[in-house]
1. Please list the equivalent ellipsoid semi-axes of the chain, computed as the square roots of five times the alpha-carbon gyration tensor eigenvalues, in descending order and whole angstrom.
2. With axes computed from alpha carbons, what is the tilt in degrees of helix 266-279 against the longest principal axis of the chain, rounded to the nearest 10 within 0 to 90?
3. Fewest first, what order do 70, 258, 6 take by the number of other Cβ atoms within 10 Å?
4. Ranking request for peptides 170-182, 75-87: highest mean number of other beta-carbon atoms within 10 Å first, then the rest in descending order.
5. Between the helical axis of 81-94 and the dominant principal axis of the chain, each derived from Cα atoms, what acute angle in degrees is found, rounded to the nearest 10?
6. Restricting the calculation to Cα positions, tell me the Rg (one decimal) and the Dmax (whole number) of region 214-267 in Å.
7. Nearest 5 is fine: what % of DSSP beta bridges in region 1-127 come out antiparallel, could you say?
8. Could you give the Stokes-Einstein D for region 177-295 in µm² per second, using the C-alpha Kirkwood radius, 10 °C, 1.306 mPa s?
């Protein structure tokens, strides 16, 4: 069997389990977020068109009726509009049954594209873009070197909405640090409440030695939130949400996984969180986090 070209770490969201993966980039264009070690040691690289076309030929042979393709790399949406346009046409050439194309994106990647360009990309099938927002609190975003502000999140996601591109947001509990989770939750909810994300995905901060924030923690420059604080932060965030969307908290980083739609399942999820806060000890929750070897 012919192998596809994959370089370094390959990640996809849990909800892309049925998508056909296609490498477009490797590594991250930004690579400065203090908490992140997902692409540690991998320099950003664009896959040559020859590689992409060869991979599409292999996919055409083994998955000719693939209906969704997910482009791998930290943020393939960083590519120029013209490059993405060409890629969309190339995918359609080899996979005529493909209905949608997903990818990771940074907020800065959307900023480079006009609404008209985004509409054209949507016409080609780009939809279900996954954005690592992490927070909507300016203090936390600046502290973690995210490279965007809360108002940037609002502005760029509204552009996606105008272009009819669905998108998925991420909220990273624990990121703000000890004593700041409540502020982070309320400020992020205030931003997300002005948007219409297809899903909000919950991840809980899990630091590995390769990250800059791990070193800051070891030096006493950053103090982690306790596990109980994270649950209280999560409860505050969900309580403050007043939009219709799907909540996905089923990654390995969440000691207590959950999934549901709001507003319908809001009361149930909050009840489950309250039970967890009362019944599971800090030491048990912390042990779970320390046992995580990889995200």
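1. Values: eigenvalues 215, 88, 69 Å².
The equivalent ellipsoid of the chain has semi-axes of 33, 21, 19 Å.
2. 50 degrees
3. Values: 70 23, 258 18, 6 15.
Least crowded to most crowded, the residues run 6, 258, 70.
4. Going by the mean number of other Cβ atoms within 10 Å, highest first, we get 170-182, 75-87.
5. 70 degrees
6. Here Rg and the maximum Cα pair distance are 14.3, 44 Å.
7. 20 percent
8. On the way: Rh = 15.2 Å.
Rounded, D is 105 µm²/s.
None of the figures in this text is laboratory data; all of them are computed from the coordinates on show. These figures come from a predicted structure and were not determined experimentally. Counting neighbours? That spans all protein chains shown, and the Cβs are built from the backbone with ideal geometry, glycine included.
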